[in-house]
Every structure is written in structure tokens, then in C-alpha cells.
Amino acid sequence: PAPAQGLIKTSRLSAGLADELVGEAVAAGAGIGYAVTAIVVSVDGVRQAVLRGDGAPVHTLDSAYAKAYTAASLVPVRHEKSTKELFERVAKNPSTTTSLGNLPNITFTPGGITIFAGQEPIGGLGVGGAPGGNFDDECAEAALKKIADQLK
């Protein structure tokens with residue numbers, strides 16, 4: 001149905017749940033020996049929660065944000081659920097999205113996961129700092145599983 005009087009309603013994580021999610025992601029990284037940063041953004045790419053783990057390098061603030069931003073803004077449009085899926089598709093056929101790499105804050109590096117409430121994308125979680133995006137992705141997946149029951 002058309003929005004009433006031009007209003008669009010959107011959902012996002014509460015501040016408490018966003019804080020819990022970044023905490024779980026950083027704890028997952030620490031649990032496997034990596035100092036990571038985790039960032040949650042709304043579906044519009046606005047930072048909601050940021051946690052830089054002990055010892056996480058400063059550049060992880062930017063990499064985690066780019067992963068979260070990409071997961072919130074680009075990944076759902078491509079009918080994927082993570083920057084890992086995007087990375088795998090681009091690796092097979094680079095010409096399909098090469099120009100997107102020139103957009104600000106877009107990355108094809110694993111470690112960003114779209115946050116869904118039911119079937120609706122409501123934001124993104126990005127993790128950066130492990131020695132490889134596959135480990136960042138594992139931390140993000142583990143964290144999202146911990147709060148999955150609160151997203152229904």
C-alpha cells in the first residue's frame with residue numbers, strides 16, 4: 001500500500017540491541033584471538049553502535065564501517081545477505097559490479113552482514129580487523145546468531 005500522507009516507516013535496531021550486537025561481534029573476534037572493530041548501521045548507513053576491541057588497529061573503524069554500509073545499502077539490492085556473498089559473486093564475474101567499487105564506502109570484502117527483521121532489511125553489521133575477511137564474516141555471523149530471536 002502507498003504510504004499515508006507521504007510518510008515512510010522504517011525499522012532499525014534499538015540502541016541496546018545494537019550495542020549488544022557489536023559487543024557479541026568483538027567478543028567473537030577475541031574468542032578466536034583477533035582484535036576487531038564492529039559497527040552497526042541503519043538501513044540508511046547511519047552509525048548506531050561502534051565498538052573497537054582492545055588492540056584493534058585504527059583502520060578497522062573505516063573497514064568495519066564500509067562493510068556495514070555495503071551490507072545495509074548494496075547487498076539487499078543484489079539479493080544477497082552479506083558482503084561475503086557479494087565478494088564470491090564478483091570474484092566469478094568482476095565486470096558485473098566493477099563500477100560500484102568507485103562509490104564511497106562500498107567494499108567487496110567479506111565481514112558485512114545485512115540485518116533483517118523478518119524479510120525486511122533494517123541495517124548492517126560490519127566487522128574488521130581479523131587477518132582475512134572470512135574471519136571477520138565468522139565474527140559477524142556468530143554475533144547475529146546470538147540476537148536472532150530478537151529480530152522476529
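The values are calculated or read from the model by the stated rules, or taken from the named source; none is laboratory data. For clarity, every value in this text was computed on a predicted model and none was experimentally measured. With ideal geometry, Cβ positions are generated from the backbone for all residues, glycine too; neighbour counts draw on all protein chains shown. In case anyone asks, the SASA skips ligands and DNA or RNA and just uses the protein heavy atoms, side chains included. Shrake-Rupley method; radii C 1.70, N 1.55, O 1.52, S 1.80 Å.
When Glu120, Glu85 are checked against the criterion of being acidic (Asp, Glu) and farther than 17 Å from Val41 by Cβ, a single residue qualifies: Glu85.
Within region 81-104, being within 16 Å of Asp136 (Cβ to Cβ) and of a type outside the set (A, V, I, L, M) holds for Lys81, Ser82, Thr83, Lys84, Glu85, Phe87, Glu88. Selection of region 93-122 for residues being within 28 Å of Asp54 (Cβ to Cβ) and in contact with a Phe, Trp or Tyr (Cβ under 9 Å, 6 or more places away or on another chain) yields Asn105, Thr107, Thr109, Pro110, Gly111, Gly112. If you go through region 81-107 and keep only what is at pLDDT 90 or above and outside any helix (DSSP H, G or I), you end up with Lys81, Ser82, Pro104, Asn105, Ile106, Thr107.
Tallying residues that are open to solvent by 70 Å² or more (accessible area, probe 1.4 Å) and touching a Ser or Thr at 6+ places or on another chain (Cβ under 7 Å) within region 52-88 yields 3. With respect to (1) part of a helix (DSSP H, G or I); (2) within 10 Å of the chain's Cα centre (by Cα); (3) among the polar types (S, T, N, Q), the lone exception for Thr114 is condition (1). In the set (1) out of contact with any helix residue (DSSP H, G or I) (no Cβ under 7 Å at 6 or more places or on another chain); (2) not in a strand (DSSP E or B), Ile122 fails one condition alone, (2). Note on region 3-36: residues that are of a type in the set (Gly, Ala, Ser), surrounded by fewer than 21 Cβ atoms within 10 Å (Cβ to Cβ) and modelled with pLDDT of 95 or more total 9. The residues listed here are Ala130, Ala71, Ala38; of these, the one that is on the phi < 0 side of the Ramachandran plot, part of a strand (DSSP E or B), in contact (Cβ under 8 Å) with a residue 40 or more places away in the chain and of a type outside the set (Val, Ile, Thr) is Ala38. Looking only at residues in region 124-138 that are of a type outside the set (Asp, Glu) and either farther than 11 Å from Gly112 by Cβ or open to solvent by 70 Å² or more (accessible area, probe 1.4 Å) (or both), the one that is farthest from the chain's Cα centre (by Cα) is Pro131. For the condition of a type outside the set (Lys, Arg) and outside any helix (DSSP H, G or I), Ala49 qualifies.
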